[in-house]
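Engineer: Could you have a look at this structure, given as structure tokens, before my questions?
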Amino acid sequence: MKITSIEALKQHRKKVQEAVNAYTCRILVCSGNGCMATGAQKIYDELSRLTADMMQVEVEMQKDLPHVGTLKTGCQGICEYGPLVRIEPYDYQYVKVQVEDCKEIIEETVKNGRPVTRLFHKDGEEVYEHPMDIPFLKKQTRIVLENCGNIDAESIDEYIAAGGFSALAKAIGEMTPEEVVDEVDKSGLRGRGGGGFPAGRKWKQVLRQEEKERYIVCNGDEGDPGAFMDGSVMEGDPYKLIEGMLIAGYAVSAENGYIYVRAEYPLSVKRLKHAMAQLEEYGLLGENILGSGFNFHLHLNRGAGAFVCGEGSALTASIEGKRGMPRVKPPRTVEKGLWEKPTVLNNVETYANVPKIILKGADWFRTIGTEGSPGTKTFSITGAIANTGLIEVPMGTTLREIIYDIGGGLKGDAKFKGVQIGGPSGGCLVDKHLDQPLDFDSVKKFNAIMGSGGLVVMDENTCMVEVARFFMGFTQRESCGKCGPCRIGTKRMLEILEKIVDGKGRMEDLDKLKETADFVRARSLCGLGKSAPLPVISTLDTFRDEYIEHIQEKKCRAHVCKALKNYVIDPDKCKGCTKCARNCPVNAISGNKKEAHVIDTAKCIKCGNCMNNCSFDAISIQ
Amino acid sequence: MIHLTIDGIPVEVEKGTTILQAAKQAGITIPTLCYIEDLLPDGSCRMCVVEVTNNGRSKIDTACTLQVSEGDEVQTMSEKVIDSRKKTLDLLLSDHNVHCFSCEANGDCKLQDLCFEYGLEETSYEGEMTSLPKDESNKFFSYDPSLCILCHRCVNTCTEIVGRAAIDTMERGFQSVIGAAPEKVWAEGTCESCGNCVQACPTGALSMKRRKKYRAYQVDKVVRTTCPHCATGCQMDLIVKDGKIVDVKGADGPSNRGLLCVKGRSGSFDFVDHKTRIRHPLIKNKETGEFEQATWDEALDLVASKFSEIKTNYGGDALAGFACSRSTNEDIYMLQKMVRAAFGSNNTDNCARV
Ligand SMILES: Cc1cc2nc3c(=O)[nH]c(=O)nc-3n(C[C@H](O)[C@H](O)[C@H](O)COP(=O)(O)O)c2cc1C
Ligand code: SF4
Ligand code: SF4
Ligand code: SF4
């Protein structure tokens, strides 16, 4: 079926909305990465099995919008409590659902509309029936993620029913390309891929080029470990991303778009391919879209599995089939990007913001967020936090609100130590930053970067030197090898950090480390190298005492660095039972029966066997 | 036109000129390792940094990528610039297996020159060095990763100038190395052994096997000549030490712009000093059947008389002239002229089919 005009789109929307409203019951099984990992597929299969004969009753309505449908939605956001199941029209949110629960869900809720109370999320006395009651979700503002978790990510009709493509229709039907660009420009939308470059200005620059063959490229490489925002959008609402790209294509008169998806995101690829096929079938991709004469073709590229391929010029090189290596600018991507043609290259989330801006206007968008960074930002919070998950909050939200109000504070009420923001090449925010509003500009001032929005929360059990070493190891491996400061400089920094966590550091190493970090930051060719030293710079700045402890006292206060762990037997507690000595693989423990034992630190390989075996709690790490 | 000063010297250049190009115009040399004229800058070596002040704001950036702006005050040797170059070299040196005594490139190595110029005797870093084995798979040259500074001059030469794209950077991070896909080994890729990459290499990482032992400063003379292999007319420089040709390099001729092919580079000088080479005319002694040394006059007289004899007895068409394609165009022209004018025959051709 082709939708060949704006009017036809409206008609179709009416039809599918009626169908959606005709649902007696919908079971929404979250199929985001987190829930898939905790067994959502099994839940989905079981629910499908249990509803199979119920479906037969309503076979006719099965095709597009089933009467009782078991749908796979995108990420519902509270990954910590997965697998998640939501039941409509009751809007019940079930958490930590097990296969054994499915039968009860069908019997009670689906057939009789009664809740299964024990599956609701609880916090102390508080029981949360509906998703929006849960503080984690209540405190968020969802623009980009509005459909994620609410619609079937594999049904274009559900997207259309939820108002999908009305922004495209508005742009094509009521606005000139210049007006679209102006609206995006006025909205102040800044690139969500990390740099925060104003999207409208980028589009303007492309529109200005003399060359008429232009490209739209979507950066879905999302290489930061711990980040899954873009993946969630591509999996949970691929249509919104594509609609954003279509609008961009119309705005700068580009006829071809490319989505570059991270190699490790097979589900994103599957969903996007599925969505693209549906759009083509409906005539929303291809020639003469909505009868307007606007043509747009979309292509999908799978990433090469390299972090650096997320960098714009490396990404376009990779699409062209070359090695993903950044190149110097000028010429910039807007002048000579993909295939040396003017190119709009934006991040997934950036495009996903566009439909709402067109629909509701730049002024509306500016009411959200801060003056300099309007709108929302998605973050993935991981690490030592009670509620890990995917969130979307207005720019300018403070770290405290994110960690304590939404994230539920630290796991096990541990003491907060810091947050790594901006991925492996980002920086570390600490106590003093907790009440600072976060946006592109403020984060930069704290020697960090917004990055794509990964937040890794760290508590007192985290060793900051080890954190710096870990990230440096990552950026070193991922450096494309093109320029010396990054290729060799990160290696030298890594070596110094390895020495320090190994207890072999010297004080002058700290100066060399800082000097090298500053040099690599200043002289590297691309953003990878320029930001790779940030974890070192920011931890050296805030946690210098920990570095010094490692070097001078050979001590790691978080007891993380293996070489600096010392197992010690408390002579007062030791009963001389010899259990530890018997369990030590290298015979490092000596002592007579019924007398206090001693560990020979020179022999000890820090395996921890003794401590695990002591029945009297006499062994500790110092 | 844009006006700026470089080290105090006023310069006027077209918009879009880079600072590196503007400096060249002003006769000021800015050091580079990766830069190849006429190509888009690689920008990877970070040596060409300069300090640019404009409107009270100053920054340090690479001269090969920075385009001039009106009023720029460029310093090519400020303290900060020198410091940055030293640090760049320091890092490069920390991953360079320094053994200049035995390195073929000694005296002809840009890394060595720059370290000397900037007073860097050794690296200030300790740490791992690339220890990958030498790639000897190519018959004509070898690649030593432990000397490679990854300036990509070889890659850019092969890809952008030669057009072969046989090599690229392989691996990532500190493991990065130049090689031919997919197996990294040179000989297993699509390399045609032209050796233009070797000539482009600023260090000893790529070196010709055929090259005889010599140091750049021991060269007696450099003889510009035309490659003897085909009619393209590539210009080449023969490097002469102690009266013997020890090496050949592509020279900037109109038809080759510094490039050579595998034959020109690797098959054009060994024969000069070969012991079986015929060094003077020989005439066969009819009695003994042995060749005997003769003078040019004797030899040419003999040939001329035989040609005349055939022409008189059987007519010009009994003669033909066939030129070897390894002759220059001028020589081949002269030959056909002789065939037509002196022999009176149109039977003339040339074996050049390349
Ligand atoms: C090493 C490196 C990795 C990057 N990775 C990503 C990425 O995974 N996703 C992304 O959108 N942008 C990434 N970027 C930023 C892109 O270069 C580019 O600025 C961005 O995609 C532009 O889109 P935006 O303006 O919408 O943010 C990366 C940059 C660097 C230097
Ligand atoms: S900074 Fe690193 S990733 Fe970027 S070009 Fe240089 S080596 Fe490659
Ligand atoms: S010898 Fe020629 S073809 Fe082979 S890698 Fe070098 S430049 Fe390329
Ligand atoms: S082999 Fe030579 S030209 Fe090629 S990257 Fe290494 S140092 Fe540069």
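The values are calculated or read from the model by the stated rules, or taken from the named source; none is laboratory data. Please read all numbers here as calculations on a predicted model, not as lab measurements. So basically every Cβ, Gly included, is an ideal-geometry build from the backbone, and we count neighbours across all protein chains shown. For accessibility, only protein heavy atoms count, side chains too; no ligands or nucleic acids. Shrake-Rupley method; radii C 1.70, N 1.55, O 1.52, S 1.80 Å.
Engineer: Suppose we filter region B:319-334 for residues that are closer than 22 Å to residue B:263 by Cβ and not in a loop (DSSP other than H, G, I, E, B); how many remain?
Structural biologist: Filtering region B:319-334 down to residues closer than 22 Å to residue B:263 by Cβ leaves B:322-332.
Then drop every residue that is not not in a loop (DSSP other than H, G, I, E, B), which leaves B:322-323, B:329-332.
Result for region B:319-334: 6.
Here's the yes/no breakdown for (1) assigned by TED's automatic domain parsing to the domain that holds residue A:544; (2) over 27 Å from residue A:466 (Cα atoms); (3) open to solvent by 50 Å² or more (accessible area, probe 1.4 Å):
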site	(1), (2), (3)
A:560	no, no, yes
A:569	no, no, no
A:573	no, yes, yes
A:578	no, yes, no
A:582	no, yes, yes
A:595	no, yes, yes
A:608	no, no, no
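Engineer: Ok, one more. Do we have any residue at all in region B:87-102 that's open to solvent by less than 20 Å² (accessible area, probe 1.4 Å), touching a helix residue (DSSP H, G or I) at 6+ places or on another chain (Cβ under 9 Å) and of a type in the set (Lys, Arg)?
Structural biologist: The answer is no, given that none of the residues of region B:87-102 is open to solvent by less than 20 Å² (accessible area, probe 1.4 Å), touching a helix residue (DSSP H, G or I) at 6+ places or on another chain (Cβ under 9 Å) and of a type in the set (Lys, Arg).
Yes or no, residue by residue, for (1) closer than 23 Å to residue A:318 by Cβ; (2) within 9 Å of another protein chain (Cβ to nearest Cβ):
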position: A:461; (1), (2): no, no
position: A:474; (1), (2): yes, no
position: A:479; (1), (2): yes, yes
position: A:492; (1), (2): no, yes
position: A:496; (1), (2): no, yes
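Engineer: Another question, then. Right, residue A:307: of a type in the set (Phe, Trp, Tyr), away from ligand 1 (no atom under 16 Å from the Cβ) and within 16 Å of residue A:218 (Cα to Cα) or not?
Structural biologist: Working: of a type in the set (Phe, Trp, Tyr): yes; away from ligand 1 (no atom under 16 Å from the Cβ): no; within 16 Å of residue A:218 (Cα to Cα): yes.
No; evaluated as a whole, the condition is false for this residue.
Engineer: State whether the residues of region A:308-323 include one that is within 16 Å of ligand 4 (Cβ to nearest atom) and either in contact with a Ser or Thr (Cβ under 8 Å, 6 or more places away or on another chain) or within 11 Å of chain B (Cβ to nearest Cβ) (or both). First the steps, then the outcome.
Structural biologist: As a first pass, look at region A:308-323 and keep what is within 16 Å of ligand 4 (Cβ to nearest atom): A:323.
Now drop any that are not either in contact with a Ser or Thr (Cβ under 8 Å, 6 or more places away or on another chain) or within 11 Å of chain B (Cβ to nearest Cβ) (or both), which leaves A:323.
Yes, because at least one residue in region A:308-323 is within 16 Å of ligand 4 (Cβ to nearest atom) and either in contact with a Ser or Thr (Cβ under 8 Å, 6 or more places away or on another chain) or within 11 Å of chain B (Cβ to nearest Cβ) (or both).
Engineer: Let me ask you something else. Could you list, in sequence order, all residues of region A:231-282 that are outside any helix (DSSP H, G or I) and farther than 29 Å from residue A:205 by Cα? Talk me through it step by step, then tell me what you get.
Structural biologist: Restricting attention to region A:231-282, the residues satisfying the condition of being outside any helix (DSSP H, G or I) are A:237, A:253-265.
Correct list: A:263, A:264, A:265.
Engineer: Let me ask another. For region B:137-175, give me each residue that is farther than 22 Å from residue B:111 by Cβ and either among the acidic types (Asp, Glu) or more than 10 Å from ligand 3 (Cβ to nearest atom) (or both).
Structural biologist: B:137, B:139, B:160, B:172
Engineer: Related question: What's the number of the condition residue A:350 fails, among (1) closer than 30 Å to residue A:424 by Cβ; (2) open to solvent by 30 Å² or more (accessible area, probe 1.4 Å); (3) at pLDDT 95 or above; (4) in contact with a helix residue (DSSP H, G or I) (Cβ under 8 Å, 6 or more places away or on another chain)?
Structural biologist: (2)
For every residue, the table says whether it meets (1) farther than 28 Å from residue A:160 by Cβ; (2) modelled with pLDDT of 95 or more; (3) open to solvent by 10 Å² or more (accessible area, probe 1.4 Å); (4) not basic (Lys, Arg).
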site: A:194; (1), (2), (3), (4): yes, no, yes, yes
site: A:198; (1), (2), (3), (4): yes, yes, yes, yes
site: A:205; (1), (2), (3), (4): yes, yes, yes, yes
site: A:209; (1), (2), (3), (4): yes, yes, yes, yes
site: A:213; (1), (2), (3), (4): yes, yes, yes, yes
site: A:219; (1), (2), (3), (4): no, yes, yes, yes
site: A:233; (1), (2), (3), (4): no, no, no, yes
site: A:243; (1), (2), (3), (4): no, yes, no, yes
site: A:260; (1), (2), (3), (4): no, yes, no, yes
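Engineer: From B:169, B:157, which residue is modelled with pLDDT under 95 and within 11 Å of ligand 4 (Cβ to nearest atom)?
Structural biologist: Working: B:157 fails: modelled with pLDDT under 95.
Unique residue meeting the criteria: B:169.
Engineer: Keeping to region B:53-74, report how many residues are assigned to a strand (DSSP E or B) and open to solvent by less than 10 Å² (accessible area, probe 1.4 Å).
Structural biologist: So in region B:53-74, the residues assigned to a strand (DSSP E or B) come out as B:53-54, B:57-62, B:67, B:73-74.
Subsequent filtering for residues that are open to solvent by less than 10 Å² (accessible area, probe 1.4 Å) retains B:62, B:74.
Going through region B:53-74 one residue at a time, the tally reaches 2.
Engineer: For region B:227-244, enumerate the residues that are modelled with pLDDT under 90 and either within 16 Å of ligand 1 (Cβ to nearest atom) or not hydrophobic (A, V, I, L, M, F, W, C) (or both).
Structural biologist: The answer is B:228, B:229, B:232, B:233.
Engineer: Something else now. For region A:129-208, which fully contained helices (runs of 4 or more DSSP H) count at least 3 residues that are among the β-branched types (Val, Ile, Thr)?
Structural biologist: Working: elements: A:135-138, A:156-161, A:166-174, A:177-187, A:199-208.
Here the list reads A:177-187.
Engineer: Also, quick follow-up: Which one is nearest to residue B:139 (Cα to Cα) among residues in region B:260-315 that are of a type in the set (A, V, I, L, M) and not in a helix (DSSP H, G or I)? Walk me through how you get there before you give the answer.
Structural biologist: Within region B:260-315, the subset of a type in the set (A, V, I, L, M) is B:260, B:262, B:272, B:278, B:282-283, B:294, B:299-300, B:302-304, B:310.
Imposing the further condition that a residue be not in a helix (DSSP H, G or I) reduces the set to B:260, B:278, B:282-283, B:294.
Values: B:260: 16, B:278: 28, B:282: 36, B:283: 39, B:294: 39 Å.
Once the filter is applied, the top-ranked residue is B:260.
Engineer: Also, I was wondering about something else. Being more than 16 Å from ligand 4 (Cβ to nearest atom) and open to solvent by 10 Å² or more (accessible area, probe 1.4 Å) is the filter here; which residues of region A:477-497 pass it?
Structural biologist: If the condition is that a residue be more than 16 Å from ligand 4 (Cβ to nearest atom) and open to solvent by 10 Å² or more (accessible area, probe 1.4 Å), then A:477, A:478, A:491, A:494, A:495, A:496 are the ones that fit.
Engineer: I need the full set of residues from region B:329-351 which are polar (S, T, N, Q) and open to solvent by less than 50 Å² (accessible area, probe 1.4 Å), in order please.
Structural biologist: B:336, B:345, B:348, B:350
Engineer: Would you pick out the residues in region B:1-25 that are open to solvent by 30 Å² or more (accessible area, probe 1.4 Å) and away from chain A (no Cβ under 13 Å)? I'd like the intermediate steps shown before the answer.
Structural biologist: Of region B:1-25, the ones open to solvent by 30 Å² or more (accessible area, probe 1.4 Å) are B:1, B:3, B:5, B:7-10, B:12, B:14-16, B:21, B:24-25.
Hits for region B:1-25 are B:1, B:3, B:5, B:7, B:8, B:9, B:10, B:12, B:14, B:21, B:24, B:25.
Rundown of residues vs (1) crowded, with 22+ Cβ neighbours inside 10 Å; (2) more than 16 Å from ligand 1 (Cβ to nearest atom); (3) not assigned by TED's automatic domain parsing to the domain that holds residue B:131, yes/no style:
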residue: B:171; (1), (2), (3): no, yes, no
residue: B:176; (1), (2), (3): no, no, no
residue: B:193; (1), (2), (3): no, yes, no
residue: B:197; (1), (2), (3): yes, yes, no
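Engineer: Which one of these does residue B:77 not meet: (1) assigned to a loop (DSSP other than H, G, I, E, B); (2) within 14 Å of chain A (Cβ to nearest Cβ); (3) open to solvent by 60 Å² or more (accessible area, probe 1.4 Å)?
Structural biologist: For residue B:77, the exception is condition (2).
Engineer: Need at least 1 residues that are free of Cβ contacts under 8 Å to residues at least 24 places away in the same chain per element, so show me which helices (runs of 4 or more DSSP H) inside region B:107-212 make the cut, counting only ones lying wholly within it. Talk me through it step by step, then tell me what you get.
Structural biologist: On the way: elements: B:110-117, B:153-156, B:196-200.
The qualifying helices (runs of 4 or more DSSP H) are B:110-117.
Engineer: Could you tell me which of the residues A:446, A:440 is within 23 Å of residue A:404 (Cα to Cα), open to solvent by 30 Å² or more (accessible area, probe 1.4 Å) and more than 14 Å from every other protein chain (Cβ to nearest Cβ)? Walk me through it before giving the result.
Structural biologist: On the way: A:440 fails: open to solvent by 30 Å² or more (accessible area, probe 1.4 Å).
Residue meeting the stated conditions: A:446.
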